[in-house]
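The values are calculated or read from the model by the stated rules, or taken from the named source; none is laboratory data. Keep in mind that this is a model prediction, so the values were computed, not measured. Methodologically, a virtual Cβ is constructed for each residue, glycine included, from the backbone with ideal geometry; neighbour enumeration extends over all protein chains shown. Heavy atoms of the whole protein, side chains included, go into the accessibility calculation; ligands, DNA and RNA do not. Shrake-Rupley method; radii C 1.70, N 1.55, O 1.52, S 1.80 Å.
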Amino acid sequence: MRQKLRVAAYAICVRDGQILLARSTAQDGTPEWVVPGGGMEHGEDPYDTVRREAEEETGYRIEVTGLLGVNSSTRVFRDGLGRAVENHGVRFVYEGRIIGGELRNEVNGSTDLAAWQDLAAVPALVRVPMVDIALRMWRERPVTGRLADAPE
């Protein structure tokens, strides 16, 4: 089985009881909310990745105010030829504060809409699991940078 490592960085930006989210499209075409962020480019630092991705997906420039934690997971996917690929995802989760720019939608990217969502409304949104993971890190602020019930 082929193996692939993917490293990404995400920003949790919360203000006035709202969280900044972006919307992408799942493989089946369903719109789903995501945390602004994404994959690192070769040679890029995760700190720079999260600032670049947040601006690309939302139009906002952010100041990174802290590292909330790191999430890691392994899943098996099928490639375009149907072969199994074990994907190991490592995700840095940062807290960010808006310091400039204007809210706008990404053009020709991985997302099509950026919006502030009420924190209380998040459980009712169609969203990727990373939204819940990142919000838990923001709320719990684990001293180890790892959620207590994360798999070993």
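Which of rounded, prolate or oblate describes segment 4-44 when judged by the alpha-carbon gyration tensor and an a/c cut-off of 1.5? Cα axes put segment 4-44 in the oblate bin. Backbone amide hydrogens, once placed in the peptide plane, bring ARG104 within less than 5 Å of GLY59, TYR60, excluding anything fewer than 5 places away on its chain. Dividing the summed helix terms, -39500 (n - 2.57) for each DSSP H run of n ≥ 4, by the number of residues in the chain produces a 222 nm estimate of -5000 deg cm²/dmol to the nearest 500. By accessible area, using a 1.4 Å probe on protein heavy atoms only, segment 1-110 has 45% of its surface on carbon and sulfur. Summing charges over neighbours of GLU63, with a neighbour being any other residue whose Cβ is under 11 Å away from its Cβ, gives +2 when K and R count +1 and D and E count -1. DSSP assigns beta bridges within the chain; of those with both partners inside it, close to 75 percent run antiparallel. What is the angle, in °, between the Cα long axis of helix 129-140 and the longest principal axis of the Cα atoms in the chain? Nearest 10 is fine, range 0 to 90. Taking the Cα atoms of the chain, the angle to 129-140 is about 50 degrees. Taking the C-alpha atoms only, the angle from helix 46-58 to the longest principal axis of the chain is near 70 degrees. Of all the options PRO36, PRO142, PRO46, the one that moves most in a Gaussian network model of the chain with Cα springs shorter than 10 angstrom is PRO142.
Were the residues from SER73 through LYS4 laid out at 0.36 nm apart, the gain over their Cα-Cα distance would be 23.7 nm.
Couplings 3J(HN,Hα) of segment 85-93, computed from phi: 10, 7, 9, 9, x, 10, 10, 7, 10 Hz, in residue order, whole Hz [Karplus 6.51 cos²θ - 1.76 cosθ + 1.60, θ = phi - 60°; x for Gly and Pro]. Accessible surface calculations at 1.4 Å, restricted to protein heavy atoms, place segment 1-128 at 56 Å² per residue.
Please say if segment 1-75 is rounded, prolate or oblate, where rounded means a/c under 1.5 for a ≥ b ≥ c the square roots of the C-alpha gyration tensor eigenvalues, and otherwise the choice is prolate for a/b larger than b/c and oblate otherwise? Since a/c reaches 1.5 but b/c is at least a/b, the shape of segment 1-75 is classed as oblate.
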